[in-house]
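Just so you know, all these numbers are worked out from the coordinates, no wet-lab data involved. Here the structure is a predicted model, which is why all the values come from computation and not from measurement. A quick note on method: Cβ atoms are made from the backbone with ideal geometry, for glycine too, and the neighbour counts reach across all protein chains shown.
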Amino acid sequence: MFRKLMGQKIAARRKAQRWSQEGLAEQAGWSRQQLSRVELGTSSIAADRLLALADVLECEVADLVPTREEVQRRLASEK
């Protein structure tokens, strides 16, 4: 659940800033496939890679990570 929510936050930030997956991945030193897997929540992300992504998106790492409350709300809504 956590990875899926984080992926959604990353995708939303990317889209809001009008980045393509390919463009953002290239700037962050990733492949487009790696970014796609993270956005889909099927792959985890190392802290240094998350920091690189936040740098390119000009935001704080905390802006890309779901809060405990967001995770709890999602879990409750799926019951």
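Quick notes
- One decimal place: the segment residue 55-residue 77 gains 4.7 nm when fully extended, by the rule 0.36 nm per residue minus the C-alpha distance.
- Computed on region 2-77, with alpha-carbon pairs under 8 angstrom and 6+ residues apart, the relative contact order is 40 percent.
- Taking the Cα centre of the chain as origin and assigning +1 to Lys and Arg Cβ atoms and -1 to Asp and Glu Cβ atoms, the resulting dipole is close to 400 debye.
- Loop-located chymotrypsin sites (Phe, Trp or Tyr not before Pro) in region 1-58 (DSSP state not H, G, I, E or B) with no more than 15 neighbouring Cβ atoms inside 10 Å do not occur.
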